[in-house]
Amino acid sequence: MRTYRRVPLNQSGLTLLECLVSIAIVAIMLAMALPSFRDQLATARAQAGALQLYAAMQFARTKAQMEGMPVILCPINHILADRPSCAGHFGEHVAAIAVTPQGRELMRVWQPVHGVTVTDRSGLRVVTGELRWDKRGLGSRNVTLSVCAQAQNWSVVTNRLGRPRLVSQWGTCPA
């Protein structure tokens, strides 16, 4: 027959005071780490938004060269419309549209990244209009799309040659 040793009551677990001290230590550590986590999250969001716009520009430029026809990259408000038209700003849905002899043909749509704003380099106004690449891949205008999440900034810069590039802290985020 097995005998069990009786445990004294004062040694059967943690006291309330020990539990409260442990919880207080964890709370203090979390409070110290939270601002750093928020900055990392904002940087990741801004970078994700900029990478998405960069990928959209690369897609439009490559398709223009491969298909031998102009391709437009522009914001659209009505993604379900039969005939896509450019309206809105680059912080919304962005679409690549091929310009064919028969008219405009929607190629691809990118969803906006949650938690970011897209403005010009100064951070004062949203960027509207369209970016166009001809059949050789040459761009229609110089533009900087400054993607911000809180105070974290990534920018997508494209020139008249049509080549986009990513730059960290190139623009100003709106206050």
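No value in this document is a laboratory result; all are computed from the given coordinates. Just so it is clear, the structure is predicted and the values come from calculations on it, not from any experiment. As a convention, Cβ positions derive from the backbone with ideal geometry for all residues, glycine included, and neighbour counts pool all protein chains shown.
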Relative contact order of the chain, pairs being alpha-carbon contacts under 8 Å that are 6 or more residues apart, as %: 21
Relative contact order for the stretch 83-175, counting Cα pairs under 8 Å that sit 6 or more residues apart, in percent: 23
Assigned charges on the beta-carbon of Lys, Arg, Asp, Glu; the stretch 38-168 dipole about Cα centre (debye): 360
Residue exposure sequence - THR100, THR158 - by fewest surrounding Cβ within 10 Å: THR100, THR158
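With a 10 Å Cβ neighbour count serving as the proxy for reagent exposure, in which order, fewest first, do ILE72, ILE97, ILE23 appear?
Numbers: ILE72 21, ILE97 25, ILE23 10.
Listing ILE72, ILE97, ILE23 from fewest to most nearby Cβ atoms yields ILE23, ILE72, ILE97.
About its Cα centre, what dipole magnitude does the stretch 23-86 give when the only charges are +1 on Lys and Arg Cβ and -1 on Asp and Glu Cβ, stated in debye to the nearest 20?
Working: 5 positive and 3 negative charges, 8 e Å.
Using only the charged Cβ atoms, the result is roughly 40 debye.
Which whole number in µm²/s is D for the stretch 83-145 by Stokes-Einstein, with the Kirkwood Rh taken over Cα pairs at 10 °C and 1.306 mPa s? Provide the component values of the computation, followed by the final result.
Working: Rh = 13.2 Å.
Diffusion coefficient, whole number: 121 µm²/s.
Rounded to two decimals, what ratio of Rg to Rh does the chain give with C-alpha atoms and a Kirkwood Rh?
Details: Rg = 26.2 Å, Rh = 19.0 Å.
Here the Rg-to-Rh quotient is 1.38.
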Residue-by-residue Karplus 3J(HN,Hα) for the stretch 159-175, coefficients 6.51, -1.76, 1.60, Hz, glycine and proline x: 10, 5, 6, x, 8, x, 8, 9, 9, 8, 6, 8, x, 10, 7, x, 6
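Which of rounded, prolate, oblate describes the stretch 39-82, given a ≥ b ≥ c as roots of the alpha-carbon gyration tensor eigenvalues and a/c under 1.5 marking rounded, otherwise prolate only if a/b is larger than b/c? Don't skip to the answer; put the middle values down first.
Details: a/c = 4.67, a/b = 1.64, b/c = 2.85.
The shape class here is oblate.
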For HIS114, HIS78, order by how many other beta-carbon atoms lie within 10 Å, fewest first: HIS114, HIS78
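Using a Förster radius of 30 Å, what is the FRET efficiency between VAL167 and VAL26 based on their Cβ-Cβ separation? Nearest 0.05, please.
Values: r = 39 Å, r/R0 = 1.31.
Efficiency, rounded to the nearest 0.05: 0.15.
If I take all pairs of Cα atoms in the stretch 16-91, what percentage of them are more than 20 Å from each other?
Numbers: 1758 of 2850 pairs.
Percent of Cα pairs beyond 20 Å in the stretch 16-91: 62.
Pick out, in residue order, every one of the trypsin sites (Lys or Arg not before Pro) in the stretch 40-128 that is DSSP loop and has at most 14 other C-beta atoms within 10 Å; say none if there are none.
Working: sites: ARG45, ARG61, LYS63, ARG104, ARG108, ARG121, ARG125; in loops: ARG121, ARG125.
Passing both the DSSP loop test and the Cβ count: ARG125.
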